Amino acid sequence: MECIYCFLGFLLLAARLPLDAAKRFHDVLSNERPSGYMREHNQLNGWSSDENDWNEKLYPVWKRGDPRWKNSWKGGHVQAVLTSDSPALVGSTITFVVNLVFPRCQKEDANGNIVYEKNCRNDTGPSPDPFVYNWAAWSEDNDRENDTSQDHHNVFPDGKPFPHPPGWKKRNFVYVFHTLGQYFQRLGRCSVRVSINTANVTLGPQLMEVTVYRRHRRAYVPIAKVKDVYVVTDQIPIFVTMSQKNNRNSSDETFLRNLPIIFNVFIHDPSHFLNMSAINYKWIFGDNTGLFVSINSTLNHTYVLNGTFNLNLTVQAAVPGPCPSPSPRPPKPTPSLSPGGDNPLELSDVPDENCQINRYGYFTATITIVDGILEVNIIKMTDVPMPPPQPDNSLMDFVVTCEGIIPTEVCTIISDPSCQITQSIICDPVDVNMGELCLLTVRRAFRESGTYCMNLTLGDEASLALTSTLVSVPGRDPASSLRIANGVLVSVGCLTLFVAVIALLAYKKHKAYKPIGNRTGIVVKGKRLNVFLHHAKSAFFPGNQEKDPLLKNQPGTL
């Protein structure tokens, strides 16, 4: 009898061994996370629980540092790059994209095979075989064998069969996405895209992990793993740009008095979740001008006093949201023949499934308003007689006026008539004893006759004002040692020219400063989410001073 008990116990133990040895998805995809991590989450549409079994025979599992990783790909290693359009407003759709980066000189062709690029040399030299992996040939071999069991390997790690859309045999990579205790499987090529609706995603930073396998005849080989943090928030993600004419450096949040500041609000909504929403922008500029409410994302505001002001913006949008639970009412007295008489909820009490709630986004900034140069004009241009030793040069005086404070420097950029090719850049200091009236004379020398584009700027520490003109320098009369040059003042109001000139001056005179987005006079605000995302990632994954040298106060010669 004891032998029978021992034999039965052995059978039970043998029956339990496969169950104990079977790996589950969370063992494979989150082996660096503690047991039970992220188990209590709402179900994502189309995703499966990571408690399901993983087919380790068809999809082998390699730990970090396993020597088999060195031979997982012919000719080097494959890198998986995971990106997303995070942060996402809860209820919207967030999209993840995985791109595979192959070793040098390798690429995916139109048939899904991995081939060597022509005329590309790597460390191993040219290969006589044009294919790195000829998966099309492997598929044809399987078709010729006519094996009734060949479809057994065309399955995902959980055993579900591959979908068979047109061209599915050209997809030779299996991607397994894992987040919130759930996984999603995708058959694809060297790039795949997966989107999830965030209505059931827990607010805050979350981790997305992706494991990639390649086809290897009737099995699969792991080639890459990648993970990244994404953020789901109940606040509308926004950032604001602030720009102002004549502002020398808006990134320091210093602006000029009596000139309008242009505020542009950008809502991060890549899935167009808010397209049908009514959006209101509520501004408080902090200068006792009250509340401004607008439906436009762009607004101008002019500060008329110097000082420091606290700017506040609230963006409000009505979005689809969960409906409140109805509260039962006591039944109303009804005749015996009413069919709804026994139901405490009448039809009028059934909530509408398309309920809406308000979502908000916030932006704050502290800006400083100072005096600056508001406008500059060239009001007169005269020829200066040249002494006999330099009969071929032409001196011209430009009488310049400005509005605002007295400038500290004047710069000119002389270019060809199209204002595209710069020929000289000259900067001079301005006499600080010129008084309260902004009136100065700028002298420049021209070596030969012709038409020139001249951009003139007056600047100080906070502002930089520009004006442009075309200068016509006629040829010299050989019979006379003197010459009369006629200057033609032509206003050039091209925005492209203005930006190009300011950017060039900023580069020449402030090499240490790099304007945001290469857009002069614009400051981008909205760092709160970026900082939040940075801290979130850190939780998951344990300057020169500006100089302003002036050129010598000498007449420039062209």
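Some notes on this structure:
- Modelled spin labels at A278 and S338, positioned 7 Å past Cα toward Cβ, are 3.4 nm from each other.
- The spread of Cα positions in region 141-285, taken along each principal axis and listed from longest to shortest, comes to 82, 33, 27 Å.
- For region 233-245, Karplus couplings with θ = phi - 60° (6.51, -1.76, 1.60), whole Hz, Gly/Pro x: 10, 9, 10, 5, x, 9, 9, 10, 10, 10, 9, 7, 4
- Members of K170/K227; K23/K169; K227/K282 lying beyond 30 Å, as alpha-carbon distances in this model show: K227/K282
- Surface accessible to a 1.4 Å probe, per residue, for the residues of region 204-244, Å²: 26
- Contour excess over end-to-end distance, with Cα ends at K118 and N264 and 0.36 nm allotted per residue: 47.8 nm
- Region 231-280 and region 59-107: distance between their alpha carbon centers, rounded to Å: 34
- Accessible surface for region 414-459, divided over its residues, is 49 Å² per residue with a 1.4 Å probe.
- Under-5 Å amide H pairs with I405, H placed in peptide plane, nonlocal only: G372, I373, L374
- A 1.4 Å probe, protein heavy atoms only, puts the accessible area of E253 near 40 Å².
- If R0 is taken as 60 Å, the Cβ-Cβ distance between C323 and S449 corresponds to a FRET efficiency of 0.15.
- Solvent-accessible surface of region 62-114, taken per residue with a 1.4 Å probe and all protein chains present: 48 Å².
- Of all accessible heavy-atom area on region 144-228, the percent that carbon and sulfur account for (1.4 Å): 50
- Legend: calculated FRET efficiency, S297 to V101, from the Cβ-Cβ distance at R0 = 25 Å, rounded to 0.05, equals 0.10.
- Shape call, region 181-245: gyration tensor on alpha carbons, a/c limit 1.5: prolate
The values are calculated or read from the model by the stated rules, or taken from the named source; none is laboratory data. Values in this document were obtained by computation on a predicted structure and should not be read as measured data. When we count neighbours, we look across all protein chains shown, and the Cβ atoms used for this are built from the backbone with ideal geometry, even at glycine. Remember, those area values only see protein heavy atoms, side chains included, never the ligands or the DNA or RNA. Shrake-Rupley method; radii C 1.70, N 1.55, O 1.52, S 1.80 Å.
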